[in-house]
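Only one structure is covered here, and it is reproduced in the block below.
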Amino acid sequence: MALAHTLGFAHTGHHHALEAAHLTCGRGEHDRAQGCAVTREWQAEQWHVLKTAGIDLLPVDGCSGADRVLTHSLAFGVQPTVRRADTAASDHLQAGASADARLTPWFNTATVYHAPHFAPDQAFALNWDALFEEVAHAHALGHSVKPVLLGPLTYLWLGQPATPNLDTLELIDRLLPLYDTLLNRLAAQGVEWVQIDEPILALELPQAWKNAYERVYNILQRAPLKKLVATYYGGLQDNLGLAANLPVDGLHIDLACAPEQYPVILDRLPAYKLLSLGVVSGSQVQPHDQQNALRVLRHAAQRLGERLWVATSCPLLADALEGPSEAAHERSPALAFAAQAWQSVSAAVQAVNQTQAGVARESMAAVAACSAVRAA
């Protein structure tokens, strides 16, 4: 049976009230309890919308409305790039606020992120209690969750070097122990699946970055939980074989932006690995072709069986899952788009599973008929 999931949210730092509550919660200030309560309320509300829409595996990302890249930087002890070098601005950012951070376009979208600033002697230190608390909160509410992380190579690619001669890839061996710790702590919390986003696999990468992928994921594969590498915002093209053969348990591809990847991917995917197909656009710009999606999914279900997952094509670019509100929240255009996207994923999965169940019943009936004939 196919499974419905979503890649999460492309937080871009525009949810100011919720971001402030989330960061206040993390800093342990006098109003920490109030900030954490706002964050937990927002989380519970989004999970309820997701479950109501029919999503089986819920995303958690430890961001709660904040810029995802900035959240990773703060969790890793990395200073975001600032426009002004004055001490006040630096302290301001390290405290969690982002007013002075340099905004960088997020791939081929209209959104932006706060780029991390990497020094040649860059040190990393993990401090991401918000993620582990979010997982615990979801489990307490009875939800099955899938933590969503930016992949280590994508995170380094998105950063800005402090000196012209610094290749950020040189920092990978310093960063990997944090990811290993993250994955092992999530496994200890009972997490079965984690999603690791590597959208740079849809780009033309230097050979050194391509070469790093297998080594990096061989190291990360040691953690005792299953890993889904997610690619989006384009097709894998020359990186298709690289992505398909990474030592992980699943691969997500974006069929909204690059439908030509299917069915080519089937010939490159190892028999043990599941495939997540992003057939419902995560952007309001791209329309959803329901009939074509069902045609692709039914074919995939015949080939993959239970190794088929269905999702939005990318993290949702609906910039307004703004946080808890009154009745107006239900009329938010962005939330309406998000709910519609999730419902489309769920409806597609139900249709495919019903088709597969019908085929199975017909097969069983045929076998029974043949047995009856032989017995006669």
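The values are calculated or read from the model by the stated rules, or taken from the named source; none is laboratory data. Here the structure is a predicted model, which is why all the values come from computation and not from measurement. Cβ sites come from the backbone with ideal geometry, for glycine too, and all protein chains shown count toward neighbours.
Just for segment 222-250: of the residues that are in a loop (DSSP other than H, G, I, E, B) and among the hydrophobic types (A, V, I, L, M, F, W, C), which one is farthest from LEU186 (Cα to Cα)? Lay out the reasoning, then the answer.
Here is the first cut: in segment 222-250, the ones in a loop (DSSP other than H, G, I, E, B) are 222-225, 231-236, 245-249.
From what is left, the residues that are among the hydrophobic types (A, V, I, L, M, F, W, C) are 223, 225, 236, 246, 248.
Details: ALA223: 9, LEU225: 8, LEU236: 29, LEU246: 21, VAL248: 16 Å.
Restricting to residues being in a loop (DSSP other than H, G, I, E, B) and among the hydrophobic types (A, V, I, L, M, F, W, C), the top hit is LEU236.
Would you mind stating whether TYR179 is assigned to a loop (DSSP other than H, G, I, E, B), crowded, with 20+ Cβ neighbours inside 10 Å and of a type outside the set (Gly, Ala, Ser)? Break it down stepwise before answering.
Values: assigned to a loop (DSSP other than H, G, I, E, B): no; crowded, with 20+ Cβ neighbours inside 10 Å: yes; of a type outside the set (Gly, Ala, Ser): yes.
When the stated conditions are applied, TYR179 does not pass them.
For LEU242, are the conditions met, namely being modelled with pLDDT of 95 or more, crowded, with 18+ Cβ neighbours inside 10 Å and either in contact with a Lys or Arg (Cβ under 9 Å, 6 or more places away or on another chain) or more than 27 Å from HIS72 (Cβ to Cβ) (or both)? Spell out how you get there, then give the answer.
Numbers: modelled with pLDDT of 95 or more: yes; crowded, with 18+ Cβ neighbours inside 10 Å: no; either in contact with a Lys or Arg (Cβ under 9 Å, 6 or more places away or on another chain) or more than 27 Å from HIS72 (Cβ to Cβ) (or both): yes.
The answer is no for LEU242.
Can you tell me how many residues in segment 92-109 are at negative phi, of a type outside the set (S, T, N, Q), surrounded by 12 or more Cβ atoms within 10 Å (Cβ to Cβ) and at pLDDT 80 or above?
Within segment 92-109, residues that are at negative phi, of a type outside the set (S, T, N, Q), surrounded by 12 or more Cβ atoms within 10 Å (Cβ to Cβ) and at pLDDT 80 or above number 2.
Of everything in segment 101-137, what is farther than 16 Å from ALA75 by Cα, assigned to a strand (DSSP E or B) and not hydrophobic (A, V, I, L, M, F, W, C)? Give them in sequence order.
THR104, PRO105
Just give me the residues in segment 301-319 being out of contact with any Leu (no Cβ under 7 Å at 6 or more places or on another chain) and either among the charged types (D, E, K, R) or modelled with pLDDT of 95 or more (or both), in sequence order.
Result: GLN302, GLY305, GLU306, ASP319.
Quick one: which residue in ALA75, ALA89 is at pLDDT below 55, of a type in the set (A, V, I, L, M) and outside any loop (DSSP other than H, G, I, E, B)?
On the way: ALA75 fails: at pLDDT below 55.
Only one candidate passes the filter, namely ALA89.
In segment 41-62, which residue that is surrounded by fewer than 22 Cβ atoms within 10 Å (Cβ to Cβ) and of a type in the set (Val, Ile, Thr) is nearest to the chain's Cα centre (by Cα)?
VAL49
State all residues of segment 147-204 that are aliphatic (A, V, I, L, M), within 19 Å of LEU131 (Cβ to Cβ) and touching a residue at least 60 places away in the same chain (Cβ under 8 Å); if no residue qualifies, say none.
If we filter segment 147-204 for residues that are aliphatic (A, V, I, L, M), which is where we start, we get 148-150, 153, 156, 158, 162, 166, 169, 171-172, 175-176, 178, 182-183, 186-188, 191, 194, 196, 200-203.
Applying the additional criterion that residues be within 19 Å of LEU131 (Cβ to Cβ) yields 148-150, 158, 175-176, 178, 182-183, 186-188, 191, 194, 196.
Listed by number, the residues that qualify are VAL148, LEU149, LEU150, LEU158, LEU175, LEU178.
Could you list all residues from segment 122-131 that are surrounded by fewer than 21 Cβ atoms within 10 Å (Cβ to Cβ) and under 19 Å from the mean Cα position of the chain (by Cα)? Spell out the reasoning first.
As a first pass, look at segment 122-131 and keep what is surrounded by fewer than 21 Cβ atoms within 10 Å (Cβ to Cβ): 123-129.
Across segment 122-131, the qualifying residues are TRP128, ASP129.
For (1) over 15 Å from the mean Cα position of the chain (by Cα); (2) buried (at least 16 other Cβ atoms within 10 Å of the Cβ); (3) not charged (D, E, K, R), each residue gets a yes or a no:
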{"residue": "THR111", "(1), (2), (3)": "yes, yes, yes"}
{"residue": "PRO120", "(1), (2), (3)": "yes, no, yes"}
{"residue": "GLU133", "(1), (2), (3)": "yes, yes, no"}
{"residue": "GLY142", "(1), (2), (3)": "yes, no, yes"}
{"residue": "PRO147", "(1), (2), (3)": "no, yes, yes"}
{"residue": "LEU153", "(1), (2), (3)": "no, yes, yes"}
{"residue": "ALA162", "(1), (2), (3)": "yes, no, yes"}
{"residue": "ALA188", "(1), (2), (3)": "yes, no, yes"}
{"residue": "ASP197", "(1), (2), (3)": "no, yes, no"}
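Check segment 186-209 and report whether any residue there is among the charged types (D, E, K, R), in a helix (DSSP H, G or I) and either at pLDDT 95 or above or more than 26 Å from ASP289 (Cα to Cα) (or both).
We begin by selecting, within segment 186-209, every residue among the charged types (D, E, K, R); these are 192, 197-198, 204.
Subsequent filtering for residues that are in a helix (DSSP H, G or I) retains none.
Checked segment 186-209: no residue is among the charged types (D, E, K, R), in a helix (DSSP H, G or I) and either at pLDDT 95 or above or more than 26 Å from ASP289 (Cα to Cα) (or both).
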